[in-house]
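Report on one structure; see the data block that follows.
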Amino acid sequence: MSDAPTPPAAPTRSREVLQALEAEMAREDQEVVFPLMERMREVADALAAGRPIDPGYLETGFRAWHEYIEGVHQQRLSWLATVVDSAPLRIGPRRARGGRLAAWWHRILRRTAAVAPSAAPSLESAYADIAGTQARMAQRIAVLEELVDHYRRHEYYADQMIASLVRSGAFSDRAWAKYEEEFVLRTLDEHLLEERAERLAREVVAAHDGLEGLRTAVREFLSRPVAARPHPDPAVPAQAARPAGA
């Protein structure tokens, strides 16, 4: 007669904290990140189709997008640095996947594992080095602000350039958010030191309030339909006619 199967071990405190961390990320993504990315895709599609959108609406949305996503990434990098510093991952062929995306992330993990977060001015530089995410965000918002000015003046092709940048940016931000969730799921069997596990647990519980101001700005933006462009101001020159075949 075969022995009865061994019941699974009770979850450790470390695993409970990591599960709570992943659940918080997933909640934020489902409630705010993904709806925001979907609205940005809608904006991009409208512009690409030639639908006139209020430049003020674009400015408000782009600013809320940039500030909120930057805040989310900074918060998450702090959490993940705590995980890695407490329980450095065994990064090898078994866990390496996702091509260049995974390689970029693993490089950050190795760096943050070697430097305690409290001693690391490198947290900001590590954040910037996650595939250049922070640098690209700053560049993106600067370019979008300039393009909105061109769009406000009805300059040729500004709408298509905004649409292209918004579409690629929304795709990138959504992919990173999902990848961060998946990373935490792959750390569930790692052991966090007790003090750090408890600190991380407190940070996760407090996280909802930490970004509430930025989250509110996003929700206010999402509560508005995509706003049509007002009737052209007669003082603003009309957009130049597009060349034939453009």
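If the condition is being modelled with pLDDT under 90 and open to solvent by 80 Å² or more (accessible area, probe 1.4 Å), then the range 12-51 contributes only R13.
Restricting the search to the range 53-74, which residues are among the basic types (K, R) and open to solvent by less than 10 Å² (accessible area, probe 1.4 Å)?
Kept after step one, since they are among the basic types (K, R), are these residues of the range 53-74: 63.
The answer is none; no residue qualifies.
All conditions but one from (1) at pLDDT 90 or above; (2) in a loop (DSSP other than H, G, I, E, B); (3) among the polar types (S, T, N, Q) apply to Q160; the one that does not is (2).
Just so you know, in the range 114-146 the residues that are open to solvent by less than 20 Å² (accessible area, probe 1.4 Å) and among the hydrophobic types (A, V, I, L, M, F, W, C) include one that is modelled with the lowest pLDDT, and it is A120. The C-beta contact set for the range 200-227 (first residue closer than 18 Å to H66 by Cα, second residue among the acidic types (D, E), distance under 6 angstrom, 6+ apart or interchain) comprises L214/E67.
Does E181 qualify as being more than 14 Å from F62 (Cα to Cα) and outside any helix (DSSP H, G or I)?
Details: more than 14 Å from F62 (Cα to Cα): yes; outside any helix (DSSP H, G or I): no.
No, not satisfied.
Conditions tested, residue by residue: (1) surrounded by fewer than 16 Cβ atoms within 10 Å (Cβ to Cβ); (2) among the small types (G, A, S); (3) modelled with pLDDT under 85.
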{"position": "Y156", "(1), (2), (3)": "yes, no, no"}
{"position": "H191", "(1), (2), (3)": "yes, no, yes"}
{"position": "G213", "(1), (2), (3)": "yes, yes, no"}
{"position": "D233", "(1), (2), (3)": "yes, no, yes"}
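The values are calculated or read from the model by the stated rules, or taken from the named source; none is laboratory data. All of these numbers come straight from a predicted model, not from anything done at the bench. Neighbour counts run over all protein chains shown; Cβ positions are idealised from the backbone, glycine included. Note: accessible area is taken over every heavy atom of the protein model, side chains too, but ligands, DNA and RNA are not part of it. Shrake-Rupley method; radii C 1.70, N 1.55, O 1.52, S 1.80 Å.
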